[in-house]
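The values are calculated or read from the model by the stated rules, or taken from the named source; none is laboratory data. The model shown is predicted, which means the values in this text are computed figures rather than measured ones. We place every Cβ from the backbone using ideal geometry, glycine too, and count neighbours over all the protein chains shown. The area values use the complete protein model at the heavy-atom level, side chains included, leaving out ligands, DNA and RNA. Shrake-Rupley method; radii C 1.70, N 1.55, O 1.52, S 1.80 Å.
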Amino acid sequence: MKTSVKKYIGFLMMCLLIISCKKNDPIGDLGETNNEFATQLRVTYNSTKLVMGDTLVISASTWQRDDKFQKIDIYETVVETFGINMTLKSGTSVLTKTADESTLTVLDSVLNKGVLLEVFAADMDKYWTTASNNYVIRQLYPVKVKVGKYANDVTLIQKLNDADFGVLKSILSFAITKSDYLLLFPTAPAGHFGGATVLSPTGRENLKQNLTRPMLTAIVQTIKKVGSYNLIIDVAAMTQTNTITASTQKFEINL
């Protein structure tokens with residue numbers, strides 16, 4: 001009988017212990033960082049395929065359980081990746097990048113996380129939307145070329161670094177016509193021509209060693225960049241303790 005009483009008392013104590021323990025609430029703890037609930041963020045766009053001249057609509061919907069915002073930022077980053085499509089006065093044609101291959105590709109970091117919009121906590125109420133019970137921040141973004149280091153004209157030749165200009169000269173040495181070569185080197189001897197291409201190995205080496213940017217620029221008929229204009233939109237929602245919830249979207253636009 002004593003053994004049964006002990007077992008009953010033990011059972012009661014175990015029940016009391018379970019009742020007194022704090023309830024585990026995984027849903028309530030979800031997203032809690034730095035003793036503060038992380039901001040919830042959803043970003044949508046009116047299009048994911050853009051062309052120059054479009055207007056991109058960025059819609060950021062955000063909320064935070066305790067409404068402890070610090071700010072919402074929208075950034076833009078622009079990177080150009082391009083090849084060169086060039087013709088010279090006497091028929092030479094050079095294309096350094098296609099969809100399938102590239103002999104010369106230039107990278108231009110036009111803009112790195114430039115601020116499109118910054119909304120601080122004091123101004124958040126302007127964006128409150130009763131229907132959805134959250135803050136909705138919309139930003140219109142006209143899609144147009146931002147010129148970086150390389151303009152889309154003959155001046156880009158002057159901006160090429162030595163390594164890229166060296167590659168361009170090497171490509172040109174296999175593609176140039178005799179007439180364009182003579183525009184560059186009017187007194188070139190016969191030994192500069194012939195072989196498997198218009199130029200002999202001697203002629204190709206002469207072009208690579210002695211062609212300068214001003215010389216080439218003087219006989220360019222047309223030139224343009226071919227490739228992609230890469231736009232990256234970052235949206236970041238920050239709480240008062242600097243906890244950040246971020247969203248990134250990349251757009252590739254043909255030049």
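Would you be able to say whether some residue in the range 240-248 is among the small types (Gly, Ala, Ser), over 22 Å from residue 97 (Cα atoms) and surrounded by fewer than 18 Cβ atoms within 10 Å (Cβ to Cβ)? Yes: one or more hits. Considering the range 122-149, and only residues there that are among the aliphatic types (A, V, I, L, M) and closer than 30 Å to residue 160 by Cα, the residue that is least open to solvent (accessible area, probe 1.4 Å) turns out to be 143.
Listed conditions (1) open to solvent by less than 20 Å² (accessible area, probe 1.4 Å); (2) touching a Lys or Arg at 6+ places or on another chain (Cβ under 7 Å); (3) in a helix (DSSP H, G or I); (4) not aliphatic (A, V, I, L, M) are all met by residue 108, apart from (3). Residue selection: residue 103 fails the criterion of being open to solvent by 20 Å² or more (accessible area, probe 1.4 Å), out of contact with any Asp or Glu (no Cβ under 8 Å at 6 or more places or on another chain) and within 15 Å of residue 224 (Cα to Cα). Taking residue 157 as meeting all but one of (1) outside any helix (DSSP H, G or I); (2) buried (at least 16 other Cβ atoms within 10 Å of the Cβ), write down the number of the exception. If we test residue 157 against (1) outside any helix (DSSP H, G or I); (2) buried (at least 16 other Cβ atoms within 10 Å of the Cβ), just (1) comes out false. Within the span defined as the range 116-128, one or more residues are at pLDDT 95 or above and in contact with a helix residue (DSSP H, G or I) (Cβ under 8 Å, 6 or more places away or on another chain). For the range 188-233, how many residues are under 32 Å from the mean Cα position of the chain (by Cα), in a strand (DSSP E or B) and not charged (D, E, K, R)? Residues meeting the conditions: 12.
Annotation: of all residues in the range 42-72 being of a type outside the set (Val, Ile, Thr) and crowded, with 20+ Cβ neighbours inside 10 Å, the one that is modelled with the highest pLDDT is 60. Each residue in the range 205-228 was checked for being more than 21 Å from residue 182 (Cβ to Cβ), out of contact with any Lys or Arg (no Cβ under 7 Å at 6 or more places or on another chain) and open to solvent by less than 30 Å² (accessible area, probe 1.4 Å), and 2 of them qualify. Among the residues of the range 112-161, the one identified as closer than 19 Å to residue 43 by Cβ, under 19 Å from the mean Cα position of the chain (by Cα) and among the small types (Gly, Ala, Ser) is 114.
Taken together, 231, 199 contain a single residue that is surrounded by 19 or more Cβ atoms within 10 Å (Cβ to Cβ), in contact with a Ser or Thr (Cβ under 8 Å, 6 or more places away or on another chain) and either over 16 Å from residue 182 (Cβ atoms) or without any contact (Cβ under 8 Å) to a residue 24 or more places away in the chain (or both), which is 231.
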